[in-house]
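Worksheet: one structure, shown below.
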Amino acid sequence: MTKRYRHSWRWAWLPSAGLCLVLGSTGIQADETERFDLGDFELESGEVIEDAFLTYVTHGELNDARDNAILVLPSLMADHTRHDFLIGEGLALDPDEYFIIAANTLGNGHAISPSNSESQPGMEFPQFSIRDMVNAQHELIEEEFELDELFSVVGLSMGGMQAYEWAASYPDMMESIVPLITMARTTGWVTAIWETQRQAIMQDDAWQGGDYDEQPDGFRSAIGSLMVWVRHWHWMDEEFADDNMDAVEWLHEQEDALMEVWDANNYIYQTRAEDRHDISEAPGREVGYEEALASMEVHALIMPGTKDILHPPDDSRLAAEQMPNARLVEIDSDHGHLGGGGVDQDDIDLINEEMTSFFNELRD
């Protein structure tokens with residue numbers, strides 16, 4: 001698992017700029033993506049995903065004690081590069097210190113998904129949950145890497161939901177979690193946002209019940225809506241202070257870029273997975289939500305955005321209050337949800353510094 005470290009340019013989607021060529025923030029290039037076959041994978045609903053698989057990349061080396069592995073999980077529709085702003089020498093996820101497994105999740109188009117399943121394409125694909133994502137990752141960690149413990153599970157947004165679920169479903173498997181700009185359960189507010197976007201897709205005749213040849217224009221509307229929700233009016237109003245109509249051109253640029261790299265059915269399935277997310281329903285934790293949080297003894301660094309209107313900070317504050325070994329650090333950023341998304345250098349520095357301090361304390 002030898003890795004190469006060098007400065008390199010790569011294509012990346014930045015919510016502030018669209019799809020563009022950027023210098024890798026860490027100067028890291030991992031080996032090519034690896035594939036882990038799950039076979040016929042049974043979901044908690046009892047349905048089965050046929051010929052399921054995950055993909056992943058790794059950075060760094062597993063130490064002799066086999067206790068420095070960190071699982072990193074991407075946000076909605078993102079891939080294994082989503083946390084690159086945290087990976088690199090001197091950063092929170094330093095490959096000289098940790099063995100980093102950056103995994104792709106069910107439905108993101110890089111693991112088994114409605115868009116790439118041969119036997120269950122499109123809306124024939126079984127609906128999975130956040131817990132199903134985590135159960136698949138658990139097989140990856142135990143069978144592919146033969147690990148029975150992780151130093152940490154890190155994720156932002158939907159990746160953070162998976163980090164919480166890891167702590168709820170497999171409490172003895174990790175020493176810590178770092179949920180960024182996320183929630184331990186999905187609220188009605190968030191589900192309503194996702195449903196408006198799904199309806200924009202599904203009410204478009206071009207969607208054809210999920211059997212389309214080209215991305216339906218309704219998906220463009222859903223993407224445009226998301227691009228507004230992940231920001232905050234403080235950033236938007238300042239960014240387009242000279243001419244508010246520039247916001248329209250900016251919005252269309254975001255839509256154009258993501259229509260090229262995202263898939264409408266995948267989007268429907270991953271947002272529905274978020275709808276079902278609630279750590280209090282994990283096996284063995286069928287109790288009230290606050291009681292479930294209080295029973296989670298894992299060390300946690302919880303970092304919400306104070307101006308996040310997609311995943312408001314109230315749930316993170318409650319989780320930090322209830323979980324006995326949790327630390328709350330808030331990201332006060334005009335970028336809203338993307339305050340935790342690696343688009344602003346001050347926010348990036350804060351997250352790296354807090355994660356580094358948190359990990360160092362655990363190691364000491």
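The values are calculated or read from the model by the stated rules, or taken from the named source; none is laboratory data. From a predicted model like this one, the values you see are computed outputs, not experimental measurements. Reconstructed Cβ throughout: ideal geometry from the backbone, glycine too, with neighbour counts over all protein chains shown. Heads up: the accessible areas ignore ligands, DNA and RNA and are worked out on the full protein's heavy atoms, side chains in. Shrake-Rupley method; radii C 1.70, N 1.55, O 1.52, S 1.80 Å.
Some notes on this structure:
- Accessible area (Å², 1.4 Å probe, nearest 10) - residue 252: 90
- For the chain: relative contact order, % (alpha-carbon pairs under 8 angstrom, 6 or more apart): 16
- Largest-first principal axis extents of the Cα set of region 52-161 (Å): 44, 28, 21
- Area of residue 82 that stays accessible when all protein chains are in place (1.4 Å probe, Å², to 10): 50
- For region 138-238, a crude dipole built from +1 on the beta carbon of Lys and Arg and -1 on the beta carbon of Asp and Glu, taken about the Cα centre, is about 740 debye to the nearest 20.
- Of the DSSP H helices in the chain, those that are both long (alpha-carbon extent of 18 Å or more along the helix axis) and hydrophobic (Kyte-Doolittle mean at least -0.5) are 188-202, 217-229, 246-261.
- Database remark: amide H of residue 52 closer than 5 angstrom to the amide H of 38, 39, 40, 41 (H placed geometrically; neighbours at sequence offset of 5 or more, or on other chains; Pro and chain starts carry no H).
- The chain, accessible area per residue, ligands and nucleic acids excluded (1.4 Å, Å²): 42
- GNM result for the chain, Cα springs below 10 Å: residue of 264, 326, 247 fluctuating most strongly: 247
- Per residue, the Cα convex hull of region 184-281 amounts to 112 Å³.
- Kirkwood radius and radius of gyration were both taken over the C-alpha atoms of the chain, and their ratio Rg/Rh is 0.94.
- For the chain, the fraction of 1.4 Å probe accessible surface lying on carbon and sulfur atoms is 44 percent.
- With all protein chains modelled, accessible area of residue 295 [1.4 Å, Å²]: 60
- Among beta bridges identified by DSSP and lying wholly in the chain, the antiparallel ones come to about 50 percent.
- Gain on full stretching of the segment that runs from residue 65 to residue 240 - 0.36 nm per residue minus C-alpha separation: 57.8 nm
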